[in-house]
Amino acid sequence: QVQLVESGGGLVQAGGSLRLSCAVSGRTFSTLAMGWFRQAPGKEREFVAAANSFGGRTDYTDSVKGRFTISRDNAKNTVYLQMNSLKPEDTAIYYCAARSLLASTDVEKYDYWGQGTQVTVSS
């Protein structure tokens, strides 16, 4: 069974940085496309960033382009989300997700989810 465990969330001032990590077990990591999603209070879960299982292709939602970077370390079975220049509107629970091979921006396409980690950005 695939398990995803996020870490790295916390409270940060606007303009600051955080790095989220998601450790994956239970399946060959290199066969999994990985995504990051977030959900703010009263809102639906939304796509943030994703990376294919191979080829290095990444995708970002427009509001985080140039500020967030998704990366994966296949040797450590871990995907990261480096978040810079954080804004109060980035406040949300951040979820790591996985699916086979090709990344997607669609929350419904992911088969495996972590428990989430809270990110709070103060103004």
Listing of strands (runs of 3 or more DSSP E) fully contained in the stretch 23-62 that carry 1 or more residues being open to solvent by 40 Å² or more (accessible area, probe 1.4 Å), farther than 18 Å from VAL5 by Cβ and at pLDDT 95 or above: 46-51, 58-60
Residue tally, condition open to solvent by 60 Å² or more (accessible area, probe 1.4 Å) and assigned to a loop (DSSP other than H, G, I, E, B), over the stretch 69-83: 3
Flag if ALA75 is of a type in the set (A, V, I, L, M, F, W, C) and either closer than 29 Å to ALA14 by Cβ or touching a residue at least 24 places away in the same chain (Cβ under 8 Å) (or both): no
Residue selected from the stretch 1-22 under the condition open to solvent by 50 Å² or more (accessible area, probe 1.4 Å) and of a type in the set (A, V, I, L, M, F, W, C), by the criterion farthest from the chain's Cα centre (by Cα): ALA14
Matching residues, the stretch 89-105, being part of a strand (DSSP E or B) and at pLDDT 95 or above: ALA92, ILE93, TYR94, TYR95, CYS96, ALA97, ALA98, ARG99
Condition check for GLN115: over 20 Å from VAL2 (Cβ atoms) and either open to solvent by 40 Å² or more (accessible area, probe 1.4 Å) or out of contact with any strand residue (DSSP E or B) (no Cβ under 9 Å at 6 or more places or on another chain) (or both): no
Boolean, GLU108 is without any contact (Cβ under 8 Å) to a residue 24 or more places away in the chain and part of a helix (DSSP H, G or I): yes
Scan of the stretch 49-84 for residues that are over 21 Å from TYR112 (Cβ atoms) and basic (Lys, Arg), ordered by number: LYS65, ARG67
Single condition GLN115 does not satisfy, out of (1) in a strand (DSSP E or B); (2) touching an Asp or Glu at 6+ places or on another chain (Cβ under 8 Å): (1)
Some residue of the stretch 22-30 being closer than 13 Å to SER104 by Cβ and of a type in the set (Gly, Ala, Ser): no
Check on GLU6, in contact with a Cys (Cβ under 7 Å, 6 or more places away or on another chain), modelled with pLDDT of 95 or more and closer than 17 Å to ALA92 by Cβ: yes
Scan of the stretch 98-112 for residues that are out of contact with any Lys or Arg (no Cβ under 9 Å at 6 or more places or on another chain), surrounded by 15 or more Cβ atoms within 10 Å (Cβ to Cβ) and farther than 15 Å from VAL64 by Cβ, ordered by number: SER104
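The values are calculated or read from the model by the stated rules, or taken from the named source; none is laboratory data. What you see is a predicted model; the values in this text were computed from it and never measured. Quick reminder, even Gly has a Cβ in these numbers, built from the backbone with ideal geometry, and neighbours come from all protein chains shown. The area values use the complete protein model at the heavy-atom level, side chains included, leaving out ligands, DNA and RNA. Shrake-Rupley method; radii C 1.70, N 1.55, O 1.52, S 1.80 Å.
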